[in-house]
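Undergrad: The structure follows.
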Amino acid sequence: MIRTCFAGAALAVSGLALAADLQPIKDAGPYVPSPQSVVADMLRYADVGPNDYLIDLGSGDGRIVLTAAKVFGARGFGVEIKDDLVKKSNEAAKNEGLADRVKFMKQDLFKTDMSQATVITMYLLPDTVNLLKDKFLAELKPGTRIVSHDYPLTGWIPEKYVQMDLEDKVQISGVTTTLIYLYVVPANVAGRWSAQMPPALAKQPATLSLKQQLTRVSGSLRLDGKDVALEDVKLRGDQLSFRLAGRKATFSGVVKGKSIEGLVDGKTPWSATLGG
Ligand SMILES: C[S@@+](CC[C@H](N)C(=O)[O-])C[C@H]1O[C@@H](n2cnc3c(N)ncnc32)[C@H](O)[C@@H]1O
């Protein structure tokens, strides 16, 4: 009986998986290439370099990934649903001698594993970029840069935001207005951290309490039984820094999963462990 139920459940699950596979691919936007000058700006604002692995979601004719490899020395791939564009991009990679560093795949961007990326680029419809927010937070490493042409991730604070007028855009969107948004994926820092302080600051282990909404972080540090508010808290990827209200100490640190290690005033070590 149990076995029958289990077999039934397994069939139902595989049926669901099959149904998900058979669902039509969501069209995330028509093929309109980013003007080459916008491509260059997107890559410059994201500070793309030879250590980067870039993924372009909806790669069109491949120009963003190809430029990232050719001009900025990066590696990466593009995913695209249109066969002819995938073929054209792979041919261009071969012709330009870049095929060992970039590739293009016929693949649904919503089902693409992005965990390898250090940079994500996209020029997609506004609702699509917002549908991707949870996937970005689930899959991307802290510090990964996300560059979006024209449409923002609502609720996220861009690190950089540039608006310009480009004649090239009139035939694409009907207006000259062009926007580029740069975001940096923040580490997860919310929670209570058990912290080891320099002896000059506290005799007992301290507690660092942090609240977080994406890149916005606030909190306090409990030092020898007294709560001190944090000021000027900044989180960029895995880099955290803050000051203590009414004191001169400036803390900086690197978040590595459940630990933070850093320096007070650039010289004395401090550390923290989540929970603990
Ligand atoms: C506006 S174009 C951008 C092309 C290129 N990234 C650029 O900026 O020049 C968007 C591309 O996304 C592709 N696309 C749409 N939905 C997709 C999906 N679900 N998965 C992969 N590609 C998709 C379209 O075919 C189109 O080529």
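The values are calculated or read from the model by the stated rules, or taken from the named source; none is laboratory data. Bear in mind that the values here come from a model prediction, so they are computed numbers and not experimental data. Virtual Cβ from ideal backbone geometry, glycine too; neighbours counted across all protein chains shown.
Undergrad: Checking Thr128 against (1) more than 18 Å from Pro30 (Cβ to Cβ); (2) in contact (Cβ under 8 Å) with a residue 40 or more places away in the chain, only one condition comes out false. Which one?
TA: For Thr128, the exception is condition (1).
Undergrad: So Gly143 clears everything in (1) touching a Gly at 6+ places or on another chain (Cβ under 6 Å); (2) surrounded by 18 or more Cβ atoms within 10 Å (Cβ to Cβ) except one condition, right? Which one?
TA: Gly143 satisfies all of (1) touching a Gly at 6+ places or on another chain (Cβ under 6 Å); (2) surrounded by 18 or more Cβ atoms within 10 Å (Cβ to Cβ) except (2).
Undergrad: Among Val79, Val39, Val86, which is the only one that is part of a strand (DSSP E or B) and either surrounded by fewer than 16 Cβ atoms within 10 Å (Cβ to Cβ) or within 10 Å of the ligand (Cβ to nearest atom) (or both)?
TA: It is Val79.
Undergrad: Cβ-Cβ distance below 7 Å, separation of 6 or more or different chains: which pairs start in segment 52-71 with a residue that is at pLDDT 95 or above and end on one that is more than 7 Å from the ligand (Cβ to nearest atom) and of a type in the set (Phe, Trp, Tyr)?
TA: Note: pairs meeting the criteria are Ile55/Phe77; Ser59/Phe104; Gly62/Phe104; Val65/Phe77.
Undergrad: What are the residues in segment 167-177 that are surrounded by 14 or more Cβ atoms within 10 Å (Cβ to Cβ) and either of a type in the set (A, V, I, L, M, F, W, C) or at pLDDT 95 or above (or both), if any?
TA: Ile172
Undergrad: For Lys26, indicate whether it is charged (D, E, K, R), within 12 Å of the ligand (Cβ to nearest atom), out of contact with any Lys or Arg (no Cβ under 9 Å at 6 or more places or on another chain) and modelled with pLDDT under 95.
TA: On the way: charged (D, E, K, R): yes; within 12 Å of the ligand (Cβ to nearest atom): yes; out of contact with any Lys or Arg (no Cβ under 9 Å at 6 or more places or on another chain): yes; modelled with pLDDT under 95: yes.
Yes.
Undergrad: If we keep just the residues of segment 105-129 that are within 12 Å of the ligand (Cβ to nearest atom) and among the β-branched types (Val, Ile, Thr), which is surrounded by the most Cβ atoms within 10 Å (Cβ to Cβ)?
TA: Out of the qualifying residues, it is Thr121.
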